[in-house]
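Every number here is computed from the coordinates shown, using simple stated rules; none is lab data. Model, not experiment: these values are computed from the prediction. Cβ coordinates were reconstructed from backbone atoms using ideal geometry, including for glycine residues, and neighbour counts include every protein chain displayed.
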Amino acid sequence: MGGQGEPIIRFEGVTKRYDDDTVVLDNVSFEIERGKFYTLLGPSGCGKTTILRLIAGFTEPSEGNIWLSGRNVNRVPANKRQVNTVFQDYALFPHLNVFENVAFGLRIKRLNKQVITEKVREALRFVNLAGYESREISEMSGGQRQRVAIARAIVNEPELILLDEPLSALDLKLRTEMQYELRELQRSLGITFIFVTHDQEEALAMSDEIFVLNHGKIQQSGTPIDIYDEPINRFVADFIGESNIVSGTMLEDYLVEFTGRRFECVDGGFRPNETVDVIIRPEDLEVTEPEAGQLRVKVDSQLFRGVHYEICCYDSAGNEWLVHSTRRVTVGAEIGLAFDPEAIHIMRHGETEEAFDKRLEAYQGAGHAE
Ligand SMILES: Nc1ncnc2c1ncn2[C@@H]1O[C@H](COP(=O)(O)OP(=O)(O)O)[C@@H](O)[C@H]1O
Ligand SMILES: [Mg+2]
């Protein structure tokens, strides 16, 4: 147990290599604060499960240090760490009933019978499974098994729970329900959750903080709004939501050229004439008369999505522009697209979070306001 300000987890330059020299995590550093809901988000194979395994102690780092509550745990085995994991397949014991599945860890700790019964009942109440104590696991639905797995983790009153894609086996409706429930559970227990998913909507809906991973590196970390609004590079922008991404040139501070035209923008700190990626979110584009917008495009297709139309257009250079609009358009027609300078996000090619922070510091240090 560390001091109050102490992060519950700290990774310091952690690299994980397997025998054949493949680098699965590449010099990863981060801190996890107590009591928050964190999400590791990234495509399959990016290293999410590896990070959980390192935290839980199922595998050791090849380089770097891992600290849990201020204590270096590089050589501390899994059973000596205060960490509970909810696995993707739940890993319940099929031959034990619900009560015994949840009680398992407490029995190993040799708590007395009455304490065990009370704790298990309370954990099951927490996940809305009161009364299911004597059910067999085979009689439980996917969502119920999921809850048993969570009850089994919280019954030990850990400081930290790791959840490895726990909702991926559930259908969409149940999944959405469980997202709410998990989030509520985390808030009411005040335990630190580290949740893994490859689903960006799930990450945005549930998290206090998100780490976006790709190829064994943290691409960006921040709140859902930070990451959605200010993606740091093309990978994050693409992965986090539907985006229009085109190549451009930063002519000078606050002036960018793309699709052969110049636009005022709010970004600075690039080299003169640096090539950049330019992003505009579909909901930031407004449909206008053909002459009235900054871009002139032709409508290729239109889908009604319940609240808005999703309109796909092309400009004369062949760039695709996706638009979310409540206004209906005509397929094949020419329309204009208008947007504010704030809607234009400029990203340096392949820039990492670290490099971005350094650039921002240098830029502000040189006397520029934010
Ligand atoms: N025991 C292992 N030996 C060799 N390579 C592994 C091992 N475990 C995982 N990997 C590789 O490490 C990479 C990251 O795996 P993982 O952390 O499971 O990704 P994710 O959970 O993000 O899908 C993958 O390319 C995977 O094939
Ligand atoms: Mg995984």
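One quarter of the convex hull surface, Cα atoms only: what value does that give for the chain in nm²?
Working: hull surface 91.0 nm².
Approximately 22.7 nm², given one-decimal rounding.
So, in nm, how far is label residue 246 from label residue 291 when the simple model puts each one 7 Å beyond its Cα toward the Cβ?
So the label points at residue 246 and residue 291 sit 2.1 nm apart.
How large is the translational diffusion coefficient of the range 257-370 in µm² per second when you combine the Kirkwood radius over alpha carbon pairs with Stokes-Einstein at 10 °C and 1.306 mPa s? Walk me through the numbers before you get to the answer.
Numbers: Rh = 15.8 Å.
So the translational diffusion coefficient is about 101 µm²/s.
Quick one: if the Förster radius is 41 Å, what FRET efficiency do residue 355 and residue 18 give, using the C-beta to C-beta distance and rounding to 0.05?
Numbers: r = 27 Å, r/R0 = 0.67.
After rounding, the FRET efficiency stands at 0.90.
Compute the signed sum of charges (Lys and Arg +1, Asp and Glu -1) over the other residues within less than 15 Å, Cβ to Cβ, of residue 308. Numbers along the way, then the final one.
Working: positive: 281, 305, 327, 328; negative: 242, 283, 284, 286, 310.
Summing Lys and Arg as +1 and Asp and Glu as -1 gives -1.
For residue 247, what charge total do you get from the other residues with a beta carbon under 11 Å from its beta carbon, if Lys and Arg give +1 and Asp and Glu give -1?
Details: positive: 234; negative: 257, 277.
My count for the surroundings of residue 247 gives -1.
Residue 305 to residue 122: FRET efficiency via 1/(1 + (r/R0)^6), r the Cβ-Cβ distance, R0 51 Å, to the nearest 0.05?
0.75
Tell me, how many Å apart are the Cα centres for the range 1-52 and for the range 116-190?
24 Å
So if each residue of separation counts as 0.36 nm, and I subtract the Cα-Cα distance between residue 93 and residue 329, what length gain in nm does that give?
Working: separation 236, 0.36 × 236 = 84.96 nm, distance 5.60 nm.
Additional length available on full extension: 79.4 nm.
How big is the range 1-146 by the Kirkwood estimate over distinct Cα pairs, in Å?
Values: mean 1/r = 0.0566 Å⁻¹.
Over the range 1-146, the inverse of the mean reciprocal pair distance is 17.7 Å.
Which whole-number percentage describes the relative contact order of the range 207-312, with Cα contacts under 8 Å and a sequence gap of 6 or more? Walk me through the numbers before you get to the answer.
On the way: 137 pairs, mean separation 17.2, N = 106.
Relative contact order, the range 207-312: 16 percent.
Based on other C-beta atoms within 10 Å, arrange 152, 17 from fewest to most. Walk me through the numbers on the way to the answer.
Details: 152 26, 17 15.
Listing 152, 17 from fewest to most nearby Cβ atoms yields 17, 152.
Only Lys, Arg, Asp and Glu count, each charged at its Cβ (+1, +1, -1, -1), so figure out the dipole size of the chain about its Cα centre, rounded to 20 debye. Mind showing how you got there, number by number?
Values: 40 positive and 60 negative charges, 442 e Å.
Roughly 2120 debye for the chain.
Under a Cβ-only charge scheme (Lys and Arg +1, Asp and Glu -1), can you give me the dipole magnitude of the range 54-198 about the Cα centre, in debye to the nearest 20?
Numbers: 19 positive and 17 negative charges, 104 e Å.
Once rounded to the nearest 20, the dipole reads 500 debye.
Could you tally up the Lys pairs in the chain with alpha carbons closer than 19 Å? Skip any pair fewer than 8 positions apart unless they're on separate chains.
On the way: 16/48; 16/217; 36/48; 48/217; 80/109; 109/119; 217/358.
Lysine pairs meeting the criterion: 7.
Could you compute the net charge surrounding residue 13? Neighbours are other residues with a C-beta less than 11 Å from the C-beta of residue 13; K and R count +1, D and E count -1.
Numbers: positive: 10; negative: 12, 26, 63.
That sum, taken over residues with Cβ under 11 Å, equals -2.
For the range 119-214, what are Rg and Dmax over the alpha carbons, in angstrom?
Cα radius of gyration and Dmax of the range 119-214 are 13.4, 43 Å respectively.
Which of 321, 67 comes first, and how do the rest follow, when ranked by fewest Cβ neighbours within 10 Å? The partial results should precede the final answer.
On the way: 321 22, 67 18.
Lowest count first: 67, 321.
Got a sec? How would 239, 93 order by Cβ neighbour count within 10 Å, fewest to most?
Ordered by Cβ neighbours within 10 Å, fewest first: 93, 239.
Give the shape of the range 226-310 as rounded, prolate or oblate, defined through the alpha-carbon gyration tensor: a ≥ b ≥ c are the square roots of its eigenvalues, a/c under 1.5 means rounded, and otherwise the shape is prolate if a/b is larger than b/c and oblate if not.
Numbers: a/c = 2.39, a/b = 1.36, b/c = 1.75.
In terms of gyration-tensor shape, oblate.
Can you give the FRET efficiency to the nearest 0.05 for residue 133 and residue 199, using r as the Cβ-Cβ distance and R₀ = 45 Å? Intermediate values should be presented prior to the final figure.
Working: r = 32 Å, r/R0 = 0.72.
It comes out at approximately 0.90.
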